[in-house]
Amino acid sequence: MGPVAPSDDERTEVRVEVDGRTLTLVNLEKVMYPQTGTTKAEVLHYYAQVAPVLLPHLADRAVTRIRWPHGTGDQKFFEKNAPAGTPSWVRTVEVPTTGSRTASKGAGTLRFPIIDSVATLTWLANLAALELHVHQWTVDSKDRPVNPNRVVIDLDPGEPAGLMECAQAALLVRDRLADEGLSCAP
């Protein structure tokens, strides 16, 4: 029998300090990846370990998230706006938009978080934001969007292509971009 997640009335809390911010982490024993048994505590630890490499890729970019509140074996949801209760120290950017469900009559704004610290990364991981998707544009020092400065080529495995075929396609993409004088990174 696998690990059993606590019920809402058994919610656990731990207060930690990250980057000088006090965060309350909850349900650290919750299994987020059932196939491996990986817990929320392990996800938080992983994010903290990769933060020095990850944060430069997130710098000054609005981030959308896919959240899995009960782990990847259950339902997920896509989130653009900074959620209710976002701490005041989390940097956000308001971006005009059209056609958003949050906007009336087809125009409005979205308020995206920006992950610029281990504290913000930890806060989002605690919310079970297991997928982080940044925009290809950045924001300037006044949090105004700036033109895109990169391209992402997303090669996801799926029938009939497996991971090996995606890796081979990535090498072809790399070579083609190099022919144009462009560098890339996985």
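The values are calculated or read from the model by the stated rules, or taken from the named source; none is laboratory data. Keep in mind it's a predicted model, so treat the numbers as computed, not measured. Neighbour counts are summed over all protein chains in view; Cβ atoms, including those assigned to glycine, are modelled from backbone coordinates with ideal geometry.
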Note to self: Between a residue in the range 132-151 that is in the same structural domain as Gly181 (by TED's automatic domain parsing) and in contact (Cβ under 8 Å) with a residue 40 or more places away in the chain and any residue that is of a type in the set (Val, Ile, Thr) and assigned to a loop (DSSP other than H, G, I, E, B), which pairs come within a Cβ distance under 7 Å, given they are 6 or more apart or on different chains?
What the structure shows: none
Notebook entry, point to check: Are there any pairs with C-beta distances below 7 angstrom linking a residue in the range 109-126 that is in the same structural domain as Pro96 (by TED's automatic domain parsing) to a residue that is crowded, with 22+ Cβ neighbours inside 10 Å and among the polar types (S, T, N, Q), with the two at least 6 apart or on different chains, and if so which?
Noted result: Pro113/Thr120
Next item on the list: For Val134, indicate whether it is over 26 Å from Met32 (Cα atoms), surrounded by 17 or more Cβ atoms within 10 Å (Cβ to Cβ) and aliphatic (A, V, I, L, M).
Entry: no
Margin query: Testing Pro34 on (1) within 13 Å of the chain's Cα centre (by Cα); (2) farther than 25 Å from Thr138 by Cβ, one condition comes back false. Which one is that?
Written below: (1)
Check: Residue check, Asp175 against (1) out of contact with any strand residue (DSSP E or B) (no Cβ under 6 Å at 6 or more places or on another chain); (2) of a type outside the set (Val, Ile, Thr); (3) closer than 26 Å to Asp116 by Cα, all met but one. Which one?
Finding: (3)
